[in-house]
Amino acid sequence: MTSILVTGSSRGIGAAAAQALSARGVEVIGHQSRAEPSGGADHTRIAADFSDPLSAQLLWEEAMDRSGGHISAVINNAGLFDANPLDSSDIEWLDSWEETLRINLTAAAQLSRFAVKHWQNREARADGIRGRLVHVASRAAYRGDSPAHWHYAAAKGGMVAMHKTIARSYGAQGIVSFAVTPGFTDTAMAGDYLESRGGAGLLADIPLGRVATPEEIASIIAFCALDAPASMTGAVIDANGASFVR
């Protein structure tokens with residue numbers, strides 16, 4: 001059975017992606033932060049708080065155990081979207097910056113590194129692919145974000161740059177990488193942000209007239225994790241209702 005690790009799979013896009021993959025017969029190895037309320041806990045997901053530098057390695061090792069020693073794809077979806085106002089104290093601003101980059105970028109880099117090394121030691125499938133990475137970034141990687149979210153935009157921009165580097169570096173070894181850059185998506189995280197920025201008035205910036213659903217983004221993730229041809233490696237797929245076009 002195909003085993004895929006999905007980080008941040010307890011809610012929102014991650015939960016929808018886990019459901020979409022499970023519907024395709026995939027063994028989903030889920031993940032959630034220990035910081036989440038106990039009411040949302042699920043023993044089938046591995047708890048790992050990415051603010052701890054050791055947690056990504058522990059997650060990878062547990063996922064490898066659960067998969068029987070082979071993970072076919074990694075979905076780097078876990079993220080933190082907390083405001084970091086410019087007028088915070090110096091230490092508060094720096095702490096928020098470093099926590100957001102660790103959770104949104106560094107942990108994804110650690111898991112990607114473990115995965116690449118794992119796949120380098122595996123035989124390629126008949127289609128030549130050894131493993132797939134899917135990085136859930138954001139349109140903020142390209143158009144930036146609010147004055148209180150420098151750190152979030154920087155982390156997602158770094159994720160896209162990391163993804164492109166992986167694709168160029170390891171494509172010849174059958175290791176492929178894809179990135180998805182959603183705009184606003186109908187999740188609790190985006191809902192709080194929409195409300196803080198004026199609610200429905202912000203939709204005027206989206207030509208489609210609505211935000212994306214988690215299921216829409218999940219369908220793109222599942223395609224990249226299972227079906228996308230190898231020649232698509234390095235692609236960045238926008239899904240933002242034309243609120244930002246390149």
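Being in a helix (DSSP H, G or I) and of a type in the set (D, E, K, R) is the filter; apply it to the stretch 134-163 and report the residue that is nearest to LEU80 (Cα to Cα). Working first, answer last.
Keep residues of the stretch 134-163 that are in a helix (DSSP H, G or I), which gives 140-143, 150-163.
Subsequent filtering for residues that are of a type in the set (D, E, K, R) retains 143, 156.
Details: ARG143: 18, LYS156: 11 Å.
The residue in question is LYS156.
Suppose the filter is in contact (Cβ under 8 Å) with a residue 24 or more places away in the chain and surrounded by fewer than 16 Cβ atoms within 10 Å (Cβ to Cβ); does ARG113 pass it? Show your work before the answer.
Details: in contact (Cβ under 8 Å) with a residue 24 or more places away in the chain: no; surrounded by fewer than 16 Cβ atoms within 10 Å (Cβ to Cβ): yes.
The answer is no for ARG113.
Give me the pairs, please: first residue somewhere in the stretch 84-106 and in contact (Cβ under 8 Å) with a residue 40 or more places away in the chain, second residue anywhere and open to solvent by less than 40 Å² (accessible area, probe 1.4 Å) and of a type in the set (D, E, K, R), beta-carbon distance under 6 Å, and either six or more positions apart or on two chains.
none
It is to be established whether one or more residues within the stretch 38-52 are part of a helix (DSSP H, G or I), in contact with a Ser or Thr (Cβ under 8 Å, 6 or more places away or on another chain), surrounded by fewer than 16 Cβ atoms within 10 Å (Cβ to Cβ) and in contact (Cβ under 8 Å) with a residue 24 or more places away in the chain. I'd like the intermediate steps shown before the answer.
Just the residues of the stretch 38-52 that are part of a helix (DSSP H, G or I), to begin with: 38-40.
Cutting the leftovers down to in contact with a Ser or Thr (Cβ under 8 Å, 6 or more places away or on another chain) gives us 40.
Cutting the leftovers down to surrounded by fewer than 16 Cβ atoms within 10 Å (Cβ to Cβ) gives us 40.
Now restrict to residues that are in contact (Cβ under 8 Å) with a residue 24 or more places away in the chain: 40.
Yes, some residue in the stretch 38-52 is part of a helix (DSSP H, G or I), in contact with a Ser or Thr (Cβ under 8 Å, 6 or more places away or on another chain), surrounded by fewer than 16 Cβ atoms within 10 Å (Cβ to Cβ) and in contact (Cβ under 8 Å) with a residue 24 or more places away in the chain.
Can you pull out the residues in the stretch 6-19 that are among the hydrophobic types (A, V, I, L, M, F, W, C) and either touching an Asp or Glu at 6+ places or on another chain (Cβ under 7 Å) or surrounded by fewer than 23 Cβ atoms within 10 Å (Cβ to Cβ) (or both)?
Applying the first criterion (among the hydrophobic types (A, V, I, L, M, F, W, C)) to the stretch 6-19 yields 6, 13, 15-18.
ALA15, ALA16, listed by residue number.
From the residues in the stretch 169-201 that are hydrophobic (A, V, I, L, M, F, W, C), modelled with pLDDT of 65 or more and within 19 Å of TYR152 (Cα to Cα), which one is most open to solvent (accessible area, probe 1.4 Å)?
PHE184
Have a look at SER112, SER88 and point out the one that is hydroxyl-bearing (Ser, Thr, Tyr) and either in a helix (DSSP H, G or I) or in contact with a Lys or Arg (Cβ under 9 Å, 6 or more places away or on another chain) (or both). Reasoning before the result, please.
Details: SER88 fails: either in a helix (DSSP H, G or I) or in contact with a Lys or Arg (Cβ under 9 Å, 6 or more places away or on another chain) (or both).
Going through SER112, SER88 in turn, just one is hydroxyl-bearing (Ser, Thr, Tyr) and either in a helix (DSSP H, G or I) or in contact with a Lys or Arg (Cβ under 9 Å, 6 or more places away or on another chain) (or both): SER112.
Hey, GLY69 hits all of (1) open to solvent by 40 Å² or more (accessible area, probe 1.4 Å); (2) more than 22 Å from ASP145 (Cα to Cα); (3) part of a loop (DSSP other than H, G, I, E, B); (4) modelled with pLDDT of 95 or more but one; which does it fall short on?
(1)
ASP238 versus (1) touching a strand residue (DSSP E or B) at 6+ places or on another chain (Cβ under 6 Å); (2) assigned to a helix (DSSP H, G or I); (3) under 14 Å from PRO182 (Cα atoms): which is the lone unmet condition?
The one condition ASP238 does not meet is (2).
In the stretch 202-235, what residues are of a type in the set (Gly, Ala, Ser) and either open to solvent by 50 Å² or more (accessible area, probe 1.4 Å) or assigned to a loop (DSSP other than H, G, I, E, B) (or both)? It would help to see each step written out before you state the result.
Of all residues in the stretch 202-235, those of a type in the set (Gly, Ala, Ser) come to 204, 209, 212, 218-219, 222, 225, 228, 230-231, 234-235.
Once the filter is applied, which keeps residues that are of a type in the set (Gly, Ala, Ser) and either open to solvent by 50 Å² or more (accessible area, probe 1.4 Å) or assigned to a loop (DSSP other than H, G, I, E, B) (or both), the stretch 202-235 yields ALA204, GLY209, SER219, ALA228, SER231, GLY234, ALA235.
Taking the options ASP95, ASP82, ASP90, name whichever one is open to solvent by 40 Å² or more (accessible area, probe 1.4 Å) and within 22 Å of ALA15 (Cα to Cα). Lay out the reasoning, then the answer.
Details: ASP95 fails: within 22 Å of ALA15 (Cα to Cα); ASP90 fails: within 22 Å of ALA15 (Cα to Cα).
Result: ASP82 is the single residue among ASP95, ASP82, ASP90 that is open to solvent by 40 Å² or more (accessible area, probe 1.4 Å) and within 22 Å of ALA15 (Cα to Cα).
The values are calculated or read from the model by the stated rules, or taken from the named source; none is laboratory data. Being a predicted model, the structure only gives us computed values, none of them experimental. Ideal geometry is used to build each Cβ from the backbone, glycine not excepted, and the neighbour counts take in all protein chains shown. Accessible surface areas use protein heavy atoms only, side chains included; no ligands, DNA or RNA. Shrake-Rupley method; radii C 1.70, N 1.55, O 1.52, S 1.80 Å.
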